[in-house]
Amino acid sequence: MSARSEEEAAYFTLLRAIDERDALLRERDFLVAERDRLEAFAEATRAGEQELPRALDRTVAATTKPLLEAVGARRRAVEHVLARMDQRVEDAEAFVRECEEEHARLRAGG
């Protein structure tokens with residue numbers, strides 16, 4: 001493989017690494033926002049239930065528990081992914097740095 005081809009390959013690997021890292025950052029932002037939305041929804045649901053007229057109370061209460069359980073299950077799934085996200089982002093950033101160094105080394109002719 002020629003030096004020029006190696007440099008181009010390193011450059012495109014760097015671009016892919018940057019894209020993957022940026023996608024992870026967007027995913028993390030989405031998951032944090034989703035966790036916040038789920039928490040706010042659950043809190044608003046609990047608070048709203050306290051203000052219901054007695055006649056509606058039983059009808060709504062019958063659906064509140066399953067609704068909050070489903071929201072809780074989704075929140076746990078989001079938290080599970082978020083628990084690993086910092087390490088994934090750290091690994092992706094390290095790979096970008098490695099790719100930058102390799103590309104710079106090849107550009108310098110070495």
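None of the figures in this text is laboratory data; all of them are computed from the coordinates on show. As the structure is a prediction and not an experimental result, all values here were calculated from the model. Because the Cβ atoms are built from the backbone with ideal geometry, glycine has one as well, and the counts that use them run over all protein chains shown.
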Exercise. Which one of A47, S5, V32 has its Cα pushed farthest toward the positive end of the charge dipole of region 3-107, where Lys and Arg give +1 and Asp and Glu give -1 at the Cβ?
Worked result: A47
For this session: Report, please, the projected area of region 48-90 averaged over directions, based on the convex hull of its C-alpha atoms, in nm².
Result: 3.7
Seminar exercise, completed: To the nearest 10 degrees, the tilt of helix 54-107 (Cα long axis) against the first principal axis of the alpha carbons of the chain is 10
Exercise. How high is the FRET efficiency between E69 and A9 when r is their beta carbon distance and R₀ equals 41 Å, given to the nearest 0.05?
Worked result: 0.20
Exercise. So what are the radius of gyration and Dmax for the Cα set of region 20-75, in Å?
Worked result: 15.6, 53
Problem set entry | Given charges at beta-carbon only (K, R positive; D, E negative), |dipole| of the chain in Debye | 580
For this session: Report the net charge of residues surrounding H80, where surrounding means a beta-carbon distance below 15 angstrom and charges are Lys +1, Arg +1, Asp -1, Glu -1.
Result: +3
